[in-house]
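Step one of this worksheet: look at the structure below.
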Amino acid sequence: MRHIARLLLGNGALIFNTGAPYDDQMIFEHADRYARLQGTIGLDLEGVTWTVNAAGGDVPCAACGERSARLRYTRPDLVLCASCARSTRLVPLRARAARKPPRRTDEHARKSRQRRLPDAGL
């Protein structure tokens, strides 16, 4: 599923929209909170499954190298601390490339959108 995040908790799941900065902030705040409460939770973010673990560890973060972080976002081939996970959003690059580019706002684009009146034949 695209643009959906699920927090997989021990007794259920929370489902969020993704893409907007506020939505992303809410996902990570809830993930951090429930990981601290339950120890370990799952996070399915736009089709990629992560494990959020409240226990630190000796495995360094792949992005910054920090070893003493309390929260870890992991999948089999990657370990990130909470701050690096928030900055990269854990979203695959192919999902980011699929989004529409912003609309052009230069003068040429505005002129091409204007409706031209037909000649009256005079």
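Please treat every number below as a calculation from the coordinates, not as lab data. Note that the structure is a prediction, hence the values are computed from the model and not measured. Note: ideal-geometry Cβ built from the backbone for every residue, glycine included; neighbour counts use all protein chains shown.
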(request) With a 10 Å radius around each residue's Cβ, average the other Cβ atoms per peptide and rank 16-28, 73-85, highest first. (result) 73-85, 16-28
(request) Note down the nm distance, to one decimal, between modelled labels 7 Å out along Cα→Cβ at residue 8 and at residue 44. (result) 0.7
(request) Would you please classify the overall shape of segment 4-97 from the alpha carbon gyration tensor, given that a ≥ b ≥ c denote the square roots of the eigenvalues, rounded means a/c under 1.5, and beyond that prolate means a/b larger than b/c while oblate covers the rest? (result) oblate
(message) Explain nothing, just the number: relative contact order of segment 4-97, from Cα pairs under 8 Å at least 6 residues apart, as a whole percent.
(response) 20
(request) Compute the length gained on full extension between residue 15 and residue 88: take 0.36 nm times their separation in residues and subtract their Cα-Cα distance, giving the result in nm to one decimal. (result) 24.3 nm
(request) Please turn the phi angles of segment 29-38 into ³J(HN,Hα) values with the Karplus equation 6.51 cos²θ - 1.76 cosθ + 1.60 (θ = phi - 60°), one per residue in order, whole Hz, x for glycine and proline. (result) 5, 5, 4, 4, 5, 5, 5, 5, 6, 9
(request) Pick out, in residue order, every one of the trypsin sites (Lys or Arg not before Pro) in segment 1-74 that is DSSP loop and has at most 16 other C-beta atoms within 10 Å; say none if there are none. (result) 2, 67, 70
(request) Go through segment 15-26 residue by residue and turn each phi into a ³J(HN,Hα) via Karplus (6.51, -1.76, 1.60, θ = phi - 60°); whole Hz please, and just put x for glycine and proline. (result) 10, 10, 7, 10, x, 7, x, 5, 4, 5, 4, 5
(request) Evaluate the distance, in nm, between pseudo-label points positioned 7 Å from the Cα of residue 37 and of residue 67 along their respective Cα→Cβ axes. (result) 3.3
(request) Might you report the magnitude of the Cβ-based charge dipole of segment 4-97 about its Cα centre, with Lys and Arg at +1 and Asp and Glu at -1, to the nearest 20 debye? (result) 60
